[in-house]
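These notes are about the structure you will find just below.
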Amino acid sequence: MINLSFGTAVRFGDGARKTLPAVLAQAGIKRPLFVTDKGVMAAGVFTQAIEALADAASLPVFTDVPVNPTEAAAVAGAASYKAQHCDGVVGIGGGAALDLAKAVAILATNEPPLWNYCNRHAAPRDIRNPPPLILMPTTAGTGSEVGRSAVIVFDNGIKAGVRCPEIVTMAICDPELTVALPPSITATTGMDALAHCIETFCSPAINPPADAIALDGMKRIFDHIERAVADGRDKEARWNMMMGSVEGAMCFQKGMGAVHALSHPLGALGHHHGTLNAILLPHVLAYNLQALDGKAALIAQRAGLQNERQLPQAMAGLTARIGIPARLRDLGVPQSALDGIAAAALEDNAHKTNPRPLDKSDYNAILQSAY
């Protein structure tokens, strides 16, 4: 039995941000809590995102968004939601802001701790009656606006997801909101989206529509990521990068693999998710290559390669060309932490859908290769 789900409503296109007032009215939101981060505010992108709202200046904004969203930040955001008498949540920003907006919406109407709703909990509770939630991405990376979970660093130190596939009322995806992204963020978030497309495609779960979407997404990203990094004003590149990001996250229902099984516990140490995925992807591809059969050739075709054996080296070359560090040690990851990361990867849900089985020694070998 195959379950297919592509349920999030999306308004996509240059200028889509201008539909925000109509989307709020349709959702019955009169006093939203905006969840965004200080960088988005400082860059003027938040103002750009809400420019169509006449009463924007009178509406509350929560900006305490960590680089990796935390359970504590979700509790604080929910407290602000209640204190400000809000009736909906609007997340504007990268994956951290959007995932935190999901968590705030959950805790707005459901009792903490947030861990009780985590998919790693032994018996996760149902999420009941969350307020309307609108998400507006300002990066082309996580695809959180259409993703099935909110990825959070919990108070117990575990980075994992809260499964909430139906919580988003509407996603507004406007590529023009990504034009101001600096090259480094364009690169790391773009590689995050590419990792999503590749890992979901490689997952052994059977879902032909998702496979087709993942292949289309990776082709768009392969063709446009270097253009977007080189010239952020390249609107065609920005459009295709955001579409590729949305497509990668639409395929999360297939599960992911060892890249994410490792990047989640590494991210709990405070490192950027997209950067970790970019560093790990060549090494995981090298490990998985023998188990991919015809899938490797299809990925290679989208990357413009003649031979699938070139994939790991090609991914490392792409990462280098767009200015992402090549090694985990370049991020300051201590070598002493690697064995614990390998053990934690075995507990991550992404481990279950890697195309080739791994044990702790396999994860240690990948980490040492990437170190």
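Inspect the range 343-359 for any residue being without any contact (Cβ under 8 Å) to a residue 40 or more places away in the chain, closer than 17 Å to Ile158 by Cα and part of a helix (DSSP H, G or I) and give the result as yes or no. Yes, some residue in the range 343-359 is without any contact (Cβ under 8 Å) to a residue 40 or more places away in the chain, closer than 17 Å to Ile158 by Cα and part of a helix (DSSP H, G or I). All of (1) farther than 21 Å from Pro32 by Cα; (2) crowded, with 20+ Cβ neighbours inside 10 Å; (3) without any contact (Cβ under 8 Å) to a residue 60 or more places away in the chain hold for Thr142 with one exception: (3).
In the range 115-137, how many are under 30 Å from Gln48 (Cβ atoms) and either part of a helix (DSSP H, G or I) or of a type in the set (Asp, Glu) (or both)?
Taking the range 115-137 as the starting set, the residues that turn out to be under 30 Å from Gln48 (Cβ atoms) are 130-137.
Remaining after also requiring either part of a helix (DSSP H, G or I) or of a type in the set (Asp, Glu) (or both): none.
Total meeting the criteria: 0.
Of the residues Thr200, Thr188, the single one that is of a type in the set (Ser, Thr, Tyr), out of contact with any His (no Cβ under 7 Å at 6 or more places or on another chain) and either at pLDDT 95 or above or assigned to a helix (DSSP H, G or I) (or both) is Thr200. Is it the case that some residue within the range 72-90 is within 24 Å of Thr189 (Cβ to Cβ), in contact with a Pro (Cβ under 8 Å, 6 or more places away or on another chain) and not in a helix (DSSP H, G or I)? Yes, because at least one residue in the range 72-90 is within 24 Å of Thr189 (Cβ to Cβ), in contact with a Pro (Cβ under 8 Å, 6 or more places away or on another chain) and not in a helix (DSSP H, G or I). I'm told Met241 meets every condition in (1) in contact (Cβ under 8 Å) with a residue 60 or more places away in the chain; (2) out of contact with any strand residue (DSSP E or B) (no Cβ under 8 Å at 6 or more places or on another chain); (3) surrounded by fewer than 24 Cβ atoms within 10 Å (Cβ to Cβ) except one. Can you identify the failing condition by its number? Just one mismatch for Met241, condition (3).
Step by step: first the residues of the range 357-370, then only those that are over 26 Å from Val162 (Cβ atoms) and within 23 Å of the chain's Cα centre (by Cα), then the one that is surrounded by the most Cβ atoms within 10 Å (Cβ to Cβ). Which residue is that?
Restricting attention to the range 357-370, the residues satisfying the condition of being over 26 Å from Val162 (Cβ atoms) are 357, 359-362, 364-370.
Next, only the ones that are within 23 Å of the chain's Cα centre (by Cα) stay: 366-367, 370.
Values: Ile366: 24, Leu367: 22, Ala370: 21.
Result: Ile366.
Screening Pro21, Pro112 for residues that are more than 25 Å from Ala249 (Cβ to Cβ), part of a helix (DSSP H, G or I) and either modelled with pLDDT under 95 or in the same structural domain as Arg128 (by TED's automatic domain parsing) (or both) leaves exactly one candidate, Pro21.
When the range 338-355 is filtered for residues that are among the polar types (S, T, N, Q) and at pLDDT 95 or above, the ones remaining, listed by number, are Thr353, Asn354. Per the listing Ala57, Ala96, Ala122, the residue uniquely free of Cβ contacts under 8 Å to residues at least 40 places away in the same chain and within 30 Å of Ile198 (Cα to Cα) is Ala122.
Within 17 Å of the chain's Cα centre (by Cα) and among the basic types (Lys, Arg): is that true of Lys219 in this structure?
Numbers: within 17 Å of the chain's Cα centre (by Cα): no; among the basic types (Lys, Arg): yes.
No, not satisfied.
Identify, from the list Val104, Val75, Val67, the residue that is assigned by TED's automatic domain parsing to the domain that holds Leu33 and crowded, with 20+ Cβ neighbours inside 10 Å. Explain how you work it out, then say what you get.
Details: Val75 fails: crowded, with 20+ Cβ neighbours inside 10 Å; Val67 fails: crowded, with 20+ Cβ neighbours inside 10 Å.
Selected residue: Val104, the only one of Val104, Val75, Val67 that is assigned by TED's automatic domain parsing to the domain that holds Leu33 and crowded, with 20+ Cβ neighbours inside 10 Å.
Tallying residues that are surrounded by 15 or more Cβ atoms within 10 Å (Cβ to Cβ) and part of a helix (DSSP H, G or I) within the range 24-58 yields 10. Only one of the listed residues (Leu181, Leu177) is out of contact with any Phe, Trp or Tyr (no Cβ under 7 Å at 6 or more places or on another chain), buried (at least 23 other Cβ atoms within 10 Å of the Cβ), part of a loop (DSSP other than H, G, I, E, B) and of a type outside the set (Val, Ile, Thr). That residue is Leu181.
Looking only at residues of the range 315-339 that are touching a Pro at 6+ places or on another chain (Cβ under 8 Å) and not in a loop (DSSP other than H, G, I, E, B), we find that the one that is nearest to Ile185 (Cα to Cα) is Thr319. For the range 203-254, filtered to residues that are over 21 Å from Asp14 (Cβ atoms) and aromatic (Phe, Trp, Tyr), the residue that is modelled with the highest pLDDT is Phe222.
Is one or more of the residues making up the range 326-337 modelled with pLDDT of 95 or more, polar (S, T, N, Q) and crowded, with 20+ Cβ neighbours inside 10 Å? Before you say what the answer is, go through the steps one by one.
From the range 326-337, those modelled with pLDDT of 95 or more are 326-337; that's our starting set.
Now drop any that are not polar (S, T, N, Q), which leaves 335-336.
Filter once more, keeping what is crowded, with 20+ Cβ neighbours inside 10 Å: none.
Checked against the condition, which is being modelled with pLDDT of 95 or more, polar (S, T, N, Q) and crowded, with 20+ Cβ neighbours inside 10 Å, the range 326-337 yields no hits at all.
The values are calculated or read from the model by the stated rules, or taken from the named source; none is laboratory data. A quick note: this is a predicted structure, and the numbers were derived from the prediction, not measured. Backbone-built Cβ (ideal geometry, glycine too); neighbour counts: all protein chains shown.
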